[in-house]
Amino acid sequence: MRLEYFQLIDRIAEIDVDARTVTVEADVPSESTIFEGHFPGYPLMPGVLLIEAMAQTSGWLLIAALNFERMPFLAAVKEAKMRRFISPGEKLTIRARLLHEGSGYAMTDVAIEAGGKTTCNATLTFSHVPFPNAELRSHMEAMAQKIGFPLEAMRHG
Amino acid sequence: MSTTFDQVANIIAETCDIPRDTITPESHAIDDLGIDSLDFLDIAFAIDKAFGIKLPLEKWTQEVNDGKATTEQYFVLKNLSARIDELVAAKGA
């Protein structure tokens, strides 16, 4: 995770478009300027960043389901629960499942596990549109390469 | 057996916390009931699930934006119900 750059996913462990599921891994950094403010003397991963990590995990699943032709944007967060604190240095496993793919929108169920237990979960809604410009698409392709998204496999069907 | 309109009205009442008796076939989801595009996604989700269809929201929105259709054609509930019936019939054809 590079919290300051909103890069919250480190690796895609498994993605199954047919089963509509994805599992990713994310390592919470030991140090970050975020922890200097949240909170002084008691560093914790902010809940909003955990929600963002769940959104990004879902986003990669949606990008795969949409053949890397459209970009999902977070539109609603429901039933988000932060069940325990997440501290610097923890290793997270995040699993998302596509709940529904509608016309121009989608919903996912997603959960974060740490230490073998579910620590956060939410139901998320996304709107998705064709990539708005080449720069964003190029950035997403570079990120895909970095985190092990099976871009080539998708290109070759 | 409840009509398509009844099912849609019940979904809207439950999803958006709107009194059921204020929802009529002539109600415009946006102009009369005040449902915004984000709330309508929840309604679309419930309708998709209930009827086993996929409301073509993107196509409808594009048609309205292009001036090829009016919002009344899709978002007045009697018309929305008719579109749902058409989609259900097309699925079964």
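Bear in mind that the values in this text are calculations on the coordinates, not laboratory data. Since the structure is predicted, the reported quantities are computational estimates derived from the model, not experimental observations. Here the Cβ positions follow ideal geometry from the backbone for every residue, glycine too, while neighbour counts run over all protein chains shown.
Listed values, structure above:
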quantity	calculated
Residue in segment A:101-122 that is assigned to a strand (DSSP E or B) and out of contact with any strand residue (DSSP E or B) (no Cβ under 7 Å at 6 or more places or on another chain) present	yes
Verdict on B:Asp85 being touching a Cys at 6+ places or on another chain (Cβ under 8 Å) and in contact (Cβ under 8 Å) with a residue 24 or more places away in the chain	no
Candidate set from segment A:63-90 (those that are under 20 Å from A:Cys120 (Cα atoms) and touching a residue at least 60 places away in the same chain (Cβ under 8 Å)); member that is nearest to the other protein chains (Cβ to nearest Cβ)	A:Glu90
Count of residues meeting criterion [more than 8 Å from chain A (Cβ to nearest Cβ), part of a loop (DSSP other than H, G, I, E, B) and either farther than 18 Å from A:Ala76 by Cα or of a type in the set (Asp, Glu) (or both)] in segment B:35-60	3
Check on B:Leu87, under 20 Å from A:Gly104 (Cα atoms), assigned to a helix (DSSP H, G or I) and in contact with a strand residue (DSSP E or B) (Cβ under 8 Å, 6 or more places away or on another chain)	no
